[in-house]
Amino acid sequence: MHLFTSNSRFLLGIAFSWFGLFVLYNVLVTVFPLEQLPRFPNAKDSWKANFERYSGAEHTRILFTGSSLTNAVPKSYLPSESFALGLSGGDTATAVALAGLRSSPPNIVIVEVNILDREIDKKFVESMNDRNRHLTVRFPAFRTYNQPIVYFKEIFTEEARNIARDHISFACGTPHDRPEWAKARSKTVEGLTRVWEKSTMVHNAKVLKQHVDALIERGVDVYLVRFPVHPDIHKVSYYKQVVDVSENIFPSSKYNWIIVNNNELAWYDGIHLEPSSAYRVISRIGNEIVKNSGTPPWDFSISCGSH
Amino acid sequence: VHFISLNYLVLVGLLLSFYYLPVFRRAQVYMLIVGSLVFYGTGQLHLLPLLTVAALSAGMLAWALKSHIRHSILLAIGVASYLSILAFFKYKFIPIFDVENYANSLDGPLRFMLLLPLPIGISFYTFQSISLIVDSHKKKYANILNSEPNRFVFIKNCFFYIVFFPQLVAGPIVKAHDFLPQIKPKYFSDVNLRLASQTIISGLFFKSVIADNLNVYTLNMEQIASKGNGNTLDAAVLLFVYSAQIYSDFFGYTLLAIGVAALFGYRLPENFNIPYIAQSISEFWRRWHISLSSFLREYLYYPLGGNRLGEIRTYLNLIVVMALGGLWHGAAMSYMFWGLFHGIGLALERPFLKSFFFRSQYPLMILLRTLTVFSFVSFAWIFFRFPEFDDVLSYLGVLISSAPDERGLLNSVDLFIIGALCFPVFVQHFFVKFEMELNTTFQIMIYGTMLFLFTVQRGPTDAFIYFQF
């Protein structure tokens, strides 16, 4: 009997071909890593990619956690040794739970408390646990941000790098409201003006509190922040309820709140900050934390003077 | 119940590790029956008795029909019973009245039955049961069905034919006279491993890499339908993208089913034959979901008279068969409209099939016909994509005219990625159409690449579109 039939040679050929491509691709993405995180058409892919980057960024001292509001802050606006785990379409509790998955959490975690109607995605958090992603941890080719389509798209179009370059040039500009943003803002106001189930918000805030408390217990300095929103949003029931619930669940006597004023800011849609405003808000958060904790000033790569 | 999962891999691996051992040769069918029931039970354990009873009854009815009472009334009762089961479970969800509220006001078994979810694969296993009892009644299949004289073995084989797990939940619909003769002891040396692995790898690639990644973009169709976002170009592009997605999804699934069945020595029918090169709607239906169209032709169109009862009756038969075929997919009017749309298309093109437009062999005319049919089919997918008819109308609204200042949902990078994902569908049609042969080394590289992409570029969703039927 022949040990290798044409069948088995064919199968072995496929296996070798797969192995060769796999090794080559791992080498490629390791030698030429993407500088910026590419955009993903799917929210969960974007979360995964963001978390994979965070879990690989060992020297993270400051971590911003939140929803798309946090994600809207360009990476280049963050101080050195910091990371933004913003989950577009998601909630802060998921981001904080993800932050806690690392064996050595960051020294400072800033928690965005603007959205409380969304539930924690426990299934997603569980799937990101190291024991469920052995292959992703070991082989870069398995990481979401290295998926061939997004990787080559980024290499050929340099889309994310161009956007980042634009952001750097926008950072020190003067924020001003554009007329076309008014339409998006009125849509946001319309979307948030309805009766919200307060009990859902209370429940979600309590879940967030559990994860925040877990981080505090591990010696992390946690700061809660409500990202500034357009004055029109202050009037809607959703925002009022978020303020009410969050202040009850996280009393300022027990938790560090950072109050960021909304002077000279502009928003695409009333809640998501445009770039130069995002830069100002991050600087103000940094100033407040430095002032409260007495730690050295944050080291920003962009310098626009005082905001 | 999922084909691309560790559980499924373990099930297939476990069965294969014992299946070909000489000591288990006589137990091969039992092993596959147990494996199939485990497979189904992991998805819907509480509906396993329904499947078991349906499959056993079909076997017993087939035995009665072929052995003793080759009686039309018994046949009619059998077919009607299976159609009733299908109708009950599938169409109780038609929103004519609130089933849940009604059920809650009742007691006893009816309440229990009304509250049961749609059994997975019911459309497929009831059709196979019908095929079994109809074939048992037909004299032309007597040789095949009489080859097994033992009642117990016959019923066991029939049971196995209906529950065989690779094709249980979404086909291909196998006809009894094609499957039953295949039930015999299997030997590993007879398995074409090369063909089975090529089929499985292609299936994984089409399903997980192409369909699941395209799904990310076609989700925008919901935004168009529900919120009116996007513009006419988005709506048109996404319709064509959905054509590629649904083909890759169902074609990929079918390849997996065929490949896994081949590992156990069974041949399932081909379900697709590069459908998007069809030059007429009738040709499309000879290439798309072949097992369903052939089932409808054999068990519905011909019994209704086919094309033997004059032109008008032929058109009517086509429309009725296609409308019922549409309704088979689900309890929603839009599925019926999808079938009707195709039925009317078939009836309208029929008188012109011998005209210059359909017979000309000029390349430009061939291209024109192919594009016309592809556009027709893609347009019809709107009804398929949106079970709610209001959504269909909203989508059509955007497709016909969108607000001039409405921002597009797809940017140039999205279009580039969509193009890259649809490219293999185009290449596959092209290669098969021109019967292009590749040498072995090149084939190995292609299958290696497909497997590599399956491991690193799987799409975020994993639901099979046809599992809902």
Show the residue pairs meeting these rules: Cβ distance below 8 Å; 6+ apart or different chains; first residue within segment B:407-425 and away from chain A (no Cβ under 11 Å); second residue among the acidic types (Asp, Glu) and crowded, with 19+ Cβ neighbours inside 10 Å. B:Gly408/B:Asp234
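Residues checked against (1) crowded, with 21+ Cβ neighbours inside 10 Å; (2) more than 8 Å from chain B (Cβ to nearest Cβ):
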{"site": "A:Ser8", "(1), (2)": "no, no"}
{"site": "A:Leu12", "(1), (2)": "no, yes"}
{"site": "A:Trp18", "(1), (2)": "yes, no"}
{"site": "A:Thr30", "(1), (2)": "no, yes"}
{"site": "A:Ala43", "(1), (2)": "no, yes"}
{"site": "A:Thr60", "(1), (2)": "yes, yes"}
{"site": "A:Ser67", "(1), (2)": "yes, yes"}
{"site": "A:Thr70", "(1), (2)": "yes, yes"}
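Can you tell me which residue within segment B:419-430, out of those that are surrounded by 13 or more Cβ atoms within 10 Å (Cβ to Cβ) and more than 20 Å from B:Leu256 (Cβ to Cβ), is modelled with the lowest pLDDT? Before the answer, list the steps.
Looking only at segment B:419-430, we keep the residues that are surrounded by 13 or more Cβ atoms within 10 Å (Cβ to Cβ), and these are B:420-422, B:424-425, B:428-429.
Checking which are more than 20 Å from B:Leu256 (Cβ to Cβ) leaves us with B:420, B:422.
Numbers: B:Ala420: 89, B:Cys422: 93.
Result: B:Ala420.
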Only one of A:Tyr77, A:Tyr25 is in contact (Cβ under 8 Å) with a residue 60 or more places away in the chain and within 10 Å of chain B (Cβ to nearest Cβ), namely A:Tyr25
Could you look through segment B:436-466, keep only residues that are over 25 Å from the mean Cα position of the chain (by Cα) and away from every other protein chain (no Cβ under 13 Å), and pick out the one that is modelled with the lowest pLDDT? B:Met436
In segment B:379-418, which residues are of a type in the set (Ser, Thr, Tyr) and either modelled with pLDDT under 85 or surrounded by fewer than 15 Cβ atoms within 10 Å (Cβ to Cβ) (or both)? B:Ser401, B:Ser402, B:Ser412
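Just for segment A:128-155: of the residues that are of a type in the set (A, V, I, L, M) and closer than 16 Å to A:Leu28 by Cβ, which one is farthest from the other protein chains (Cβ to nearest Cβ)?
So the residue we want is A:Ile155.
Out of B:Glu311, B:Glu283, I need the residue that is at pLDDT below 90 and over 15 Å from the mean Cα position of the chain (by Cα). Which one? Working first, answer last.
Details: B:Glu283 fails: at pLDDT below 90.
Residue meeting the stated conditions: B:Glu311.
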Given the condition assigned to a strand (DSSP E or B) and of a type in the set (Gly, Ala, Ser), answer yes or no: does some residue in segment A:102-112 qualify? no
Which one of the conditions (1) at the interface with chain B (Cβ under 10 Å from one of its Cβ atoms); (2) surrounded by 18 or more Cβ atoms within 10 Å (Cβ to Cβ) does A:Glu52 fail to meet, given that it meets all the rest? (1)
Determine, yes or no, whether A:Val290 is β-branched (Val, Ile, Thr), within 30 Å of A:Glu81 (Cβ to Cβ) and free of Cβ contacts under 8 Å to residues at least 12 places away in the same chain. yes
It is to be established whether one or more residues within segment A:178-187 are modelled with pLDDT of 80 or more, more than 14 Å from chain B (Cβ to nearest Cβ), surrounded by fewer than 19 Cβ atoms within 10 Å (Cβ to Cβ) and not in a helix (DSSP H, G or I). no
Identify the single condition in (1) within 12 Å of another protein chain (Cβ to nearest Cβ); (2) modelled with pLDDT under 75; (3) farther than 17 Å from A:His272 by Cβ that A:Ala164 does not satisfy, given that it satisfies every other one. (1)
Conditions first: (1) at pLDDT below 80; (2) surrounded by 13 or more Cβ atoms within 10 Å (Cβ to Cβ). A:Asp130 passes all but one, so which condition is the exception? (2)
Which of (1) surrounded by 13 or more Cβ atoms within 10 Å (Cβ to Cβ); (2) at pLDDT 85 or above does B:Lys66 not meet, given it meets every other one? (2)
Can you tell me which residues in segment B:127-163 are modelled with pLDDT of 85 or more and among the aromatic types (Phe, Trp, Tyr)? B:Phe127, B:Phe152, B:Phe154, B:Phe159, B:Phe160, B:Tyr161
Criterion violated by B:Leu48 - all others in (1) touching a residue at least 60 places away in the same chain (Cβ under 8 Å); (2) under 19 Å from B:Ser123 (Cβ atoms); (3) among the hydrophobic types (A, V, I, L, M, F, W, C) satisfied: (1)
Out of (1) under 20 Å from A:Asn114 (Cα atoms); (2) in a loop (DSSP other than H, G, I, E, B), what's the single condition that is false for A:Trp298? (1)
A careful count of residues in segment B:289-315 that are without any contact (Cβ under 8 Å) to a residue 60 or more places away in the chain, out of contact with any Gly (no Cβ under 9 Å at 6 or more places or on another chain) and hydrophobic (A, V, I, L, M, F, W, C) gives 3
Would you mind listing the helices (runs of 4 or more DSSP H) fully within segment B:135-219 where at least 1 residues are within 14 Å of another protein chain (Cβ to nearest Cβ), hydrophobic (A, V, I, L, M, F, W, C) and within 21 Å of B:Gly35 (Cβ to Cβ)? B:193-204
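Quick one: in segment A:271-294, of everything that is more than 19 Å from the chain's Cα centre (by Cα) and not polar (S, T, N, Q), which residue is farthest from A:Lys183 (Cα to Cα)?
Here is the first cut: in segment A:271-294, the ones more than 19 Å from the chain's Cα centre (by Cα) are A:287-294.
Now restrict to residues that are not polar (S, T, N, Q): A:288-291, A:294.
On the way: A:Glu288: 33, A:Ile289: 35, A:Val290: 37, A:Lys291: 38, A:Gly294: 42 Å.
It comes out as A:Gly294.
Return the residues of segment B:17-36 that are under 27 Å from the mean Cα position of the chain (by Cα) and buried (at least 18 other Cβ atoms within 10 Å of the Cβ); say none if nothing qualifies. If you could, list the steps in order and put the result at the bottom.
Step one: list which residues in segment B:17-36 are under 27 Å from the mean Cα position of the chain (by Cα), which gives B:28-36.
Result: B:Gln28, B:Val29, B:Leu32, B:Ile33, B:Gly35, B:Ser36.
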Just to be sure I understand, how many residues within segment B:223-238 are surrounded by fewer than 22 Cβ atoms within 10 Å (Cβ to Cβ), part of a helix (DSSP H, G or I) and either in contact with a strand residue (DSSP E or B) (Cβ under 7 Å, 6 or more places away or on another chain) or not charged (D, E, K, R) (or both)? 6
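The values are calculated or read from the model by the stated rules, or taken from the named source; none is laboratory data. Values in this document were obtained by computation on a predicted structure and should not be read as measured data. Neighbour counts run over all protein chains shown; Cβ positions are idealised from the backbone, glycine included.
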